[in-house]
Structures are given as C-alpha cells and as structure tokens.
Amino acid sequence: MAAAVPKRLPERIGVIGGGRMGAGIAHAFLTHGCTVSVVEADAAAVPAAYERVAQAVAKSAERGLLELPAETVMTGLRIGSEPDLLEGSALVVEAVPEDFGLKADALRCAEEATARAAVLASNTSSLSIDALAAVLRTPERFLGLHFFNPVPASKLIEVVVGESSGPELVRTAQHWCEALGKRVVTVQDSPGFASSRLGLVIALEAMRMLEAGVASAEDIDAAMELGYKHPMGPLRTSDVVGLDVRLGIAEYLAATLGPRFDPPQLLRDKVVRGELGRKSGQGFFSW
C-alpha cells in the first residue's frame, strides 16, 4: 500500500455487478470525476446495467447536483463482461448478490485482474469479511465497504475491518468514502456488522408485531417515523432493501448469533409468494 493516505479519489474505479447496488456505487464515483468500469456477469446484462447508471446520473442532473452535464459524466463509464476492464483500477468494489460463492468468485476475479497495490472491497451487508479474505492470495488489500440503498441518497458507508486489513488500508478507504461526501462508520468484522444487525432487529420485531395483529404496517412504521424520527419505517425499509435480502441476512444471523434473529413465518411466506418489496411491486406495501 502507498505510504501516505491519498488526498483525493482514485482516477479509476472498478465495480463488479451492475444491479441496483452496483449501479449506485458506479454513480457515486462517476459523479465525483472518476472513470468507472463495471463488469457484468454476461453481455446480455450490460444494456440494463448501463441504463441503471444513466438514469441515476440523469436524476442527479435534474436536481442540479452535477458540476458537468450528464452526458459528460457518462463518458467516464465503461460496462462489459470482461474482467480485463478492471485493469488499472485503484479500487474494485464487488457488488454481486449476497451469496458467499458468488462474492468469492468475484473477488478472485478482481484479484487476478488488478495490480497488487489495488484495494479490493466487498459491498456485503452481513457476510464475514475474514471468511471472504480467506479465498484471496492477497487478503491484506481487502476490506468491506458497505454502501446503502439507494446509494445516491444515502449519506452512510460502513467500513468493515478484517483481521488482515491493515491501518493504512483502513485510513485510505475512510478517506475515499469521505471524499464521496459520505459519513463513515468503522466496525470490526462481526456478523451483520453494525448497520445490518441493528436494522434487522427492528425490522424483524416489526414483522412479528404485524404477524400478531398488534397494528397495521402503516401504523407500525408511523410509530418509528414520528416517535423516533426514523426517515422511513422498518417495514417500508424492508421493502426497499428486498424481502429476499432481509430473509437471507436473517437466516445467516440466526445461524451465527442465535434464535433472536429467526425470521418470522410472515417474511418466509412473502418471499415464497414472490412478494419481495419494491422490486416486485408488492411487499408489506404496494409499490
């Protein structure tokens, strides 16, 4: 790693995965002047990934948040399915679905395609950074960078420190996140980190209350929004995150931290029915 913490963002960034999170991460770096390369699973996925990023950049332009025209910002974006696109990146963020095998494969790909000085990061919201580091030959350049959905609107990034993540690496990552205009919280590797663990506790209890008929989804959310100044209630937030994602994290935390994270049957039933939240049009609310 370099001896001094950089004073600005790297010129070139890589992102693996062009879904909602990957596109949001690409948008964040693009709109701060970086050249961003997004690697998708296959060529068929490239047009949709490009459109996600383009729409996010266009919305920022409409809100007057860009210093340059959207068309100029988009010239810094490259999307394809070849790992060679990652060459020259100073930072590569893996943003594939929350599956250990998929993330391990993506990180190995990034490791092979980049120079040893490049920083590798996972956007995982709950999986062990140390376990992911174990699949790499160079774990000392790896840590977690947990962005939040939607990335353009969120002010938070969680920097997750593993056993192999040295102080210089952590300081560099913190600086880059701050250069994006984000508030950084730094946590040690632990199941669910800080954000997912705390958020899920509230969400699961809200689901149990709904399941038991304590109150409606609207009133449960209003209690947190108005009573505790949460910008969005736990059930609507779960819809935005994706109920399948919530279920996966709950099952992982239940296995690692105990039965207090057991997902309620209501959540399981909704996922089985395909009611996944905003992305499917129906969750605890209609979208």
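The values are calculated or read from the model by the stated rules, or taken from the named source; none is laboratory data. All figures in this text were calculated on a predicted structure; none of them were measured in a lab. Quick reminder, even Gly has a Cβ in these numbers, built from the backbone with ideal geometry, and neighbours come from all protein chains shown. All accessible areas refer to the heavy atoms of the entire protein, side chains included, with ligands and DNA or RNA removed. Shrake-Rupley method; radii C 1.70, N 1.55, O 1.52, S 1.80 Å.
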- Ignoring GluC sites (Glu not before Pro) buried by more than 14 other Cβ within 10 Å or outside DSSP loops, the longest site-free run in the chain is 164-287
- Item | Segment Ala48-Glu62, extension gain: residue separation times 0.36 nm, minus the distance between their alpha carbons | 2.9 nm
- Message: With only alpha-carbon pairs counted, each pair once and no self-pairs, how large is the Kirkwood hydrodynamic radius of the range 1-148 in angstroms?
- Response: 15.4
- Hey, any idea what % of the range 248-287's accessible area is carbon plus sulfur with a 1.4 Å probe? 52
- Query: Using only the Cα atoms of the chain, what do you get for the radius of gyration and for Dmax, in Å?
  - Reply: 18.9, 58
- Picking from Ile79, Phe29, Pro139, whose Cα lies most toward the positive end of the charge dipole for the chain (charges on Cβ: Lys, Arg +1; Asp, Glu -1)? Phe29
- Message: Compute the orientation-averaged projected area for the range 46-87 from the convex hull of its Cα atoms and round it to one decimal in nm².
- Response: 3.2
- Task: Could you go through the range 273-278 in sequence order and give the Karplus-derived ³J(HN,Hα) for each residue, using 6.51 cos²θ - 1.76 cosθ + 1.60 with θ = phi - 60°, rounded to whole Hz, and x for Gly and Pro?
- Result: 7, x, 8, 9, x, 4
- Item | In the range 98-171, trypsin sites (Lys or Arg not before Pro) in a DSSP loop with at most 10 other beta-carbon atoms within 10 Å | Arg116, Arg137, Lys155
- Nearest-0.05 FRET efficiency for Met232 and Ala131 at R0 = 30 Å, using Cβ-Cβ distance, is 0.45
- May I ask for the angle, rounded to the nearest 10°, between helix 167-179 and the longest principal axis of the chain, with both axes built from Cα atoms and the value confined to 0 to 90°? 80
- Evaluate the relative contact order of the chain (contact order divided by residue number), counting alpha-carbon pairs under 8 angstrom at least 6 apart; express in whole percent. 14
- Given unit charges at Cβ for Lys, Arg (+) and Asp, Glu (-), the dipole magnitude of the range 206-272 about its Cα centre in debye, nearest 20, is 180
- Item | Label-point separation in nm, Glu71 to Leu102, each point 7 Å along Cα→Cβ | 3.5
- Message: Suppose we keep just the DSSP beta bridges with both residues in the chain; what percent of those would be antiparallel, to 5?
- Response: 20
- Query: In straight Cα distance, which aspartates and glutamates are under 13 Å from Lys155, not counting same-chain residues fewer than 8 positions off?
  - Reply: Glu178
- Enter the angle in degrees (range 0 to 90, nearest 10) between the Cα long axis of helix 243-257 and the first principal axis of the Cα atoms of the chain, meaning the one along which they spread out most. 90
- Item | Calculated from backbone phi, Karplus (6.51, -1.76, 1.60) coupling profile of the range 91-101 in Hz, x at Gly/Pro | 9, 10, 10, 7, 9, 8, x, 6, 9, 4, x
- Query: Residues with amide H under 5 Å of Ile16's amide H, sequence separation 5 or more or different chain, H placed in the peptide plane at 1.01 Å from N; which?
  - Reply: Val39, Val93, Glu94, Ala95
- Query: Taking every eigenvalue of the Cα gyration tensor of the range 144-272, multiplying by 5 and rooting it, what semi-axes result, largest first, whole Å?
  - Reply: 29, 18, 11
- Query: To the nearest 10 degrees, how steeply does helix 195-211 sit against the main Cα axis of the chain, on a 0 to 90 scale?
  - Reply: 20
